[in-house]
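See below for the structure under consideration.
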Amino acid sequence: MGVPDDAPAIASVLYDSFAEYKSLYTERAFAATTPTPAETLQRISEGPVWVAVKDDTIVGTISALRDGDALYIRGMAILPAERGQRIGESLLHQIECFARARRYERLRLSTTPFLTRAIRLYERVGFQIVSEGNPEFFGTALFTMEKNLVDR
């Protein structure tokens, strides 16, 4: 789990992970996607944050918030040089274990259509698109994906 002292490193991972997509976001959407260290510290106080560490360096992160009967995933990022090593899958597994232990009914996240590699990962681990388009994300296209955690 991430701790307050990790905020600068987590903020750096988020920025470095999304920098290649900056031109596809509006300025405000990119800022919301890549919080400052102070904003990251606030997120740590709002809900759990996990980090992936390699050689004593944070190389990935994911955080969550309660959203009714769902656990809302936000701020998932893996450093570009570390992609393809199943770090994202591992972080998603950790968050799913956390959610199941606390009896959440589903995991929910929002993503942009241009993050195709992340979308493929989400689909591979069981997420499905449940809504398309959210005009409230500062002018950047967004859709919601969910993974059901209970048998219906």
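The values are calculated or read from the model by the stated rules, or taken from the named source; none is laboratory data. Keep in mind that what you see is a predicted model, and the values were worked out from it rather than measured. A quick note on method: Cβ atoms are made from the backbone with ideal geometry, for glycine too, and the neighbour counts reach across all protein chains shown.
Tabulated results
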| read-out | value |
| --- | --- |
| Output for the range 1-18, where each listed residue is over 15 Å from the mean Cα position of the chain (by Cα) and under 11 Å from residue 79 (Cβ atoms) | 9 |
| In the range 5-26, residue surrounded by the fewest Cβ atoms within 10 Å (Cβ to Cβ) [restricted to those that are of a type in the set (Asp, Glu) and either under 15 Å from residue 62 (Cβ atoms) or at pLDDT 95 or above (or both)] | 20 |
| Counted residues, the range 93-152 - those being out of contact with any Asp or Glu (no Cβ under 8 Å at 6 or more places or on another chain), at pLDDT 95 or above, of a type outside the set (D, E, K, R) and more than 26 Å from residue 83 (Cα to Cα) | 1 |
| Tabulated pairs, the range 40-62, first in contact (Cβ under 8 Å) with a residue 40 or more places away in the chain, second of a type in the set (Val, Ile, Thr) and in a loop (DSSP other than H, G, I, E, B), C-beta under 8 angstrom, 6+ apart or interchain | 44/3 |
| Members of the range 86-110 found to be under 26 Å from residue 54 (Cα atoms), in contact with a strand residue (DSSP E or B) (Cβ under 7 Å, 6 or more places away or on another chain) and not hydrophobic (A, V, I, L, M, F, W, C), listed by number | 88, 90, 94, 96 |
| Filter result (among the small types (Gly, Ala, Ser) and either within 14 Å of the chain's Cα centre (by Cα) or part of a strand (DSSP E or B) (or both)) within the range 21-55 | 32, 47, 52 |
| Top-ranked residue in the range 82-117 [being in a helix (DSSP H, G or I) and touching a helix residue (DSSP H, G or I) at 6+ places or on another chain (Cβ under 7 Å); ranked as nearest to residue 59 (Cα to Cα)] | 88 |
| Residue identified as over 25 Å from residue 140 (Cα atoms), outside any helix (DSSP H, G or I) and touching a helix residue (DSSP H, G or I) at 6+ places or on another chain (Cβ under 8 Å) among 73, 62, 58 | 58 |
| Leading residue by the ranking (surrounded by the fewest Cβ atoms within 10 Å (Cβ to Cβ)) among those in the range 67-112 that are touching a residue at least 60 places away in the same chain (Cβ under 8 Å) and among the β-branched types (Val, Ile, Thr) | 112 |
